[in-house]
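Below is one structure; the comments refer to it alone.
The values are calculated or read from the model by the stated rules, or taken from the named source; none is laboratory data. Predicted model only: the values in this text are computed from it and were never measured. With ideal geometry, Cβ positions are generated from the backbone for all residues, glycine too; neighbour counts draw on all protein chains shown.
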Amino acid sequence: MHETSIVNSIFRTLEQEFEVEKLNNMKAIHLKVGILSNIEPRLLYNAYEAFHMTNPIYQKVKLEIEMTELKIKCEICEHITNVKNYRFICDNCKKPSKNVIQGEEMLIHKVEFDD
Amino acid sequence: MVDKSTKAARGTVQCENTNINLLKANDFVADIIKKEMAKTGTLLINVTSSAGSGKTTLMQKTAEKLKDKIKIAVMVGDLETERDADRIRETGIQALQIVTGGICHLEAQMIHQVLDQFDLENIDLLFIENVGNLVCPSSFDLGEDYRVTLMATTEGDDKPKKYPKMFLTSDMMLVSKADLLPYVPFSVEAVTKDAQEVNHELEVIQISSLSDEGVDEWCDWLLEKIKQKKG
C-alpha cells in the first residue's frame, strides 16, 4: 500500500549510509522482507521502476527481494516453529508465543557495488 | 617480468552486508518521542482500526468521561479534512488534525513535528488517532506506550488472521459497536479466539460508545495505565 514511500526510504537510507561516489557505483540492492512486513514484492518492483522515471541516477541499480517465512522461538522450550495460518503456538510444547525471530523484518540486507 | 597489480581486479563486485532496517529513520524518531513522553509522564496511546470502526466516536466518549479527572489531548491523522479534530474539540479537549495528504499511515516524524503544539507538562493522556487502515500503520512505531485496535462488529469476525501484524503488535482489542451485536452475524468469541491465536497477550474489551457498554472498563484501564506511567 505504501510501496512508493518504501522505495524513497531505501534510497534515503542508503544516502545516509554511503558516500555519493560509492553510490554512483552501486549495482544492486538486496532486500530481505518478512511476510509480516506487509510488503508485496510485485508492487514494490513496480514502485521501484516508477521511482527511476523521476530519479534516473539510480536507473541501473537492480533490486532483489527475498521473502522470509514466519518463525517463532518458544520462550519455554526454545523450539523454533514455522508459523502456519498465523497460529502463534509452539509446535513442541503447544504454548503460545509471540517471540518472532523471523518474518517481520524489512531490511536492506546487502548492497553490491561495481569496482 | 610483468609487475603484478596490487589493485583490486576491475569488473568485480564488492558486497556490503548491511542489514539496515528500512524503518531505522522512523524508529530513531519514535525513540525521541518516547523520551519526551517519559520526561512529562504523559501516556501515549496509538489508536488504530479500519476506516469507520468508531475511533473518533470513542475519542469523544472517552473525553466526555475522563476530562474532569485527567487532562486529555488527541492528535488525529487523516488523508484530508479537519472533520475529526472538529468533532473531538466539541467535547472541550485539545485536538489537532494531522493531514497526511494521501499517505496511508502516520510516521513518527509527523508526530514529532506537531508535538510542540501540546503542553505536555499538563497532559496526562495523549491519543494518536491513526489513519483508518489495518495494514500500513502496523509497521510504524510512533513511540506509543500502548497500541489499541478497534474491531467493529460490522466488520466481520474474521479480520485478525487477515491482518495479523496489526493484532500481533497491539496490546488491546476493543470490539466496538457492541450495541449492534443483536443485528449482525458477529461472534465476539470467534474474533477473540482468532486474535489471541495471533497474540496471546492481547486484552479484549467489548465496547459501545453509544450505549456506554464497556466504556467504564476501558476508562479504568486507561486510568490504571496512567497511574503506572506516572509511577
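Quick one: A:Asp91 ticks every box in (1) free of Cβ contacts under 8 Å to residues at least 12 places away in the same chain; (2) in contact with a Ser or Thr (Cβ under 9 Å, 6 or more places away or on another chain) bar one, so which box is it? Of (1) free of Cβ contacts under 8 Å to residues at least 12 places away in the same chain; (2) in contact with a Ser or Thr (Cβ under 9 Å, 6 or more places away or on another chain), only one is false for A:Asp91: (1).
Matching residues to (1) within 27 Å of B:Met166 (Cβ to Cβ); (2) surrounded by 14 or more Cβ atoms within 10 Å (Cβ to Cβ); (3) more than 10 Å from every other protein chain (Cβ to nearest Cβ):
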| position | (1), (2), (3) |
| --- | --- |
| A:Tyr58 | no, yes, yes |
| A:Ile65 | yes, yes, yes |
| A:Lys71 | yes, yes, yes |
| A:Tyr86 | yes, yes, no |
| A:Ile89 | yes, yes, no |
| A:Pro96 | yes, yes, no |
| A:Val100 | yes, yes, no |
| A:His109 | yes, yes, no |
| A:Glu112 | no, yes, no |
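This table checks each residue for (1) under 24 Å from B:Gln206 (Cα atoms); (2) crowded, with 17+ Cβ neighbours inside 10 Å; (3) away from every other protein chain (no Cβ under 14 Å); (4) in contact with a strand residue (DSSP E or B) (Cβ under 7 Å, 6 or more places away or on another chain).
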| position | (1), (2), (3), (4) |
| --- | --- |
| B:Ser50 | yes, yes, no, no |
| B:Thr57 | yes, yes, yes, no |
| B:Ala63 | yes, yes, yes, yes |
| B:Ile72 | yes, yes, yes, yes |
| B:Glu82 | no, no, yes, yes |
| B:Gly101 | no, no, no, no |
| B:Asn122 | no, no, yes, no |
| B:Val131 | yes, yes, no, yes |
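Take B:Thr100 and decide whether it is over 11 Å from the mean Cα position of the chain (by Cα), modelled with pLDDT under 95 and hydroxyl-bearing (Ser, Thr, Tyr). Considered against the rule, which asks whether it is over 11 Å from the mean Cα position of the chain (by Cα), modelled with pLDDT under 95 and hydroxyl-bearing (Ser, Thr, Tyr), B:Thr100 comes out as yes. In summary, B:Glu80 fulfils each of the numbered conditions (1) within 14 Å of B:Asn130 (Cβ to Cβ); (2) acidic (Asp, Glu); (3) assigned to a loop (DSSP other than H, G, I, E, B) with the single exception of condition (1). Within the option set A:Thr13, A:Thr4, being outside any strand (DSSP E or B), surrounded by 14 or more Cβ atoms within 10 Å (Cβ to Cβ), in contact with a Lys or Arg (Cβ under 9 Å, 6 or more places away or on another chain) and among the hydroxyl-bearing types (Ser, Thr, Tyr) holds for one residue only, A:Thr13.
Considering only residues that are buried (at least 19 other Cβ atoms within 10 Å of the Cβ) and aromatic (Phe, Trp, Tyr), look in segment B:164-208 and name the one that is farthest from the other protein chains (Cβ to nearest Cβ). Here the answer is B:Phe186.
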